[in-house]
Amino acid sequence: MTTRRPSRRPATPFARRGVLFAAPTLLLTGCGLLPGGTDGGTGDEKGGDAAAGQADEGAADGAAEAANPATSAVVDLQPTEVTDEAVAGRLMSRLETSQTLLAPRVKATVTASGLVDSLTAADYTALTGEEPPAADDAEEGTAAETILPGERKQFLLAAWESTDSEWQPAVFTHNSTTLDITHGGNTTNIHVPQVAEGDAERSGIVLAIVDRSPAPEAMGLRAEIRDGVSEISLVDGSILATPCPSLYERELGVEVTEAGVVDTKVPDGFAQEFMTLRGTVNSALLTPYIDTFDHGGNLFWAAEDELHLMVPLDWQIDDSSNVRDVTEVKLTLEDGTELRPAQDTNQIFGGLGSHIATFTIPADERSATLTLSPRFTQVIDKDFEQIEDPITATLTFS
């Protein structure tokens with residue numbers, strides 16, 4: 001059986017109250033404000049050519065207007081949340097090459113972006129909700145007709161969206177993930193509510209001033225939970241930071257093969273009755289983040305070169321108040337290294353045990369052998385012990 005992480009395809013669009021009445025991609029495309037896909041070019045060519053065309057046209061217009069300070073103004077604009085999606089859509093191009101950021105409760109993509117060298121006064125007001133400033137060299141009270149970002153600067157517009165990543169294993173109910181818009185590596189004043197269980201859909205469009213031909217880190221969307229920081233560029237949709245590079249390098253799949261089965265019964269010490277057990281291994285899961293007790297406790301983020309391996313055991317047992325299941329579990333890596341679970345024996349096999357064993361392994365490990373050594377004792381008869389032959393299962397990682 002093979003277990004895999006959630007799909008990395010771009011998230012389904014959703015709305016967030018107070019930002020958009022519809023997600024950027026659906027809204028802008030539906031209004032005909034974002035160019036749709038066409039034959040004869042890749043996503044890079046379509047988005048790149050459109051952005052380049054906008055930049056070149058804007059540069060020419062901006063240069064002309066800048067020569068007349070009586071009708072233009074250079075602004076020092078802080079990153080802002082756009083208030084008019086229609087105008088923003090006209091100034092952006094679809095970004096089909098965006099990667100997908102993955103973090104607990106976050107599956108984010110950049111859906112559109114655009115760089116322009118100047119804004120009309122009407123567009124500036126529509127995007128920011130503010131009246132245009134006075135022209136740089138005009139009589140007092142004369143509003144600028146053209147808004148400029150400054151020398152060697154451009155206006156960046158970017159639309160993004162995020163939905164629930166359906167992280168496995170599930171994140172602890174009361175833990176939330178913080179989302180921030182960054183500018184030059186620093187968090188901005190743009191407010192994005194934390195994402196929590198049952199409330200993970202977010203989207204937005206931002207406007208900022210960046211260097212001409214900006215680096216990817218000029219603007220980003222950052223997700224953070226338990227000191228693990230993930231960030232996606234709002235310039236080109238590339239991944240800027242992650243606690244787990246493996247999320248973007250492999251599928252994190254686990255195939256379980258050659259799994260043995262233990263099928264036994266243990267005398268419970270009362271009226272010659274027995275406790276029965278049938279156990280094996282059917283599945284396993286690789287993940288970089290665990291924060292729930294049953295799945296290993298407060299392991300949180302694995303190191304960059306490690307992953308957590310969670311193995312739910314198929315352990316069908318008739319509990320007995322007098323029989324203690326003290327089965328031992330170990331994981332043997334390819335080089336012979338033996339690992340013990342993060343959980344103690346009672347947490348795995350006790351009366352209320354989770355029957356889950358969790359290990360932390362090297363991220364580049366490609367296979368391992370899980371060994372279960374069934375052993376039972378009795379509460380009343382301290383000398384009683386029943387030991388079964390060990391069973392093994394081969395775990396192959398992809």
Name the residues in the range 192-230 that are closer than 17 Å to residue 167 by Cα, in a strand (DSSP E or B) and charged (D, E, K, R), would you? 199, 202, 224
When the residues of the range 130-171 are filtered to those that are more than 37 Å from the chain's Cα centre (by Cα) and hydroxyl-bearing (Ser, Thr, Tyr), which remaining residue is farthest from residue 78 (Cα to Cα)? 142
Counting only residues that are farther than 22 Å from residue 212 by Cβ, within 35 Å of the chain's Cα centre (by Cα) and not in a loop (DSSP other than H, G, I, E, B), how many does the range 112-129 have? 2
Of all residues in the range 171-185, count the ones that are under 26 Å from residue 210 (Cβ atoms) and free of Cβ contacts under 8 Å to residues at least 40 places away in the same chain. 2
Does the range 139-156 include one or more residues that are surrounded by fewer than 24 Cβ atoms within 10 Å (Cβ to Cβ), at pLDDT 95 or above and aromatic (Phe, Trp, Tyr)? no
Assuming residue 51 fulfils every condition listed in (1) in a loop (DSSP other than H, G, I, E, B); (2) modelled with pLDDT under 50; (3) closer than 30 Å to residue 229 by Cα; (4) not acidic (Asp, Glu) apart from one, which condition is it? (1)
Filter the strands (runs of 3 or more DSSP E) completely within the range 308-398 down to those with at least 1 residues that are within 33 Å of the chain's Cα centre (by Cα), surrounded by 14 or more Cβ atoms within 10 Å (Cβ to Cβ) and at pLDDT 95 or above. 328-333, 356-362, 367-373, 391-397
Condition (residue is assigned to a strand (DSSP E or B), touching a residue at least 40 places away in the same chain (Cβ under 8 Å), closer than 27 Å to residue 395 by Cβ and aliphatic (A, V, I, L, M)) applied to the range 248-257: is it met by at least one residue? yes
Does residue 235 satisfy the criteria of being of a type outside the set (Gly, Ala, Ser) and closer than 27 Å to residue 308 by Cα? no
Being outside any strand (DSSP E or B) and touching an Asp or Glu at 6+ places or on another chain (Cβ under 9 Å) is the requirement here; does residue 260 meet it? yes
Pick from the range 264-290 the residues that are in a loop (DSSP other than H, G, I, E, B), at pLDDT 95 or above and surrounded by fewer than 20 Cβ atoms within 10 Å (Cβ to Cβ): which of them is farthest from the chain's Cα centre (by Cα)? 282
Those residues that are under 19 Å from residue 259 (Cβ atoms) and either basic (Lys, Arg) or touching a His at 6+ places or on another chain (Cβ under 8 Å) (or both), I need them from the range 329-353; list them, please. 330, 348, 349
Residue check, residue 261 against (1) within 28 Å of residue 75 (Cβ to Cβ); (2) of a type in the set (A, V, I, L, M); (3) surrounded by fewer than 16 Cβ atoms within 10 Å (Cβ to Cβ), all met but one. Which one? (1)
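The values are calculated or read from the model by the stated rules, or taken from the named source; none is laboratory data. These numbers come from a predicted model, not from an experiment. Here the Cβ is made from the backbone with ideal geometry for all residues, glycine too, and neighbour counts use every protein chain on show.
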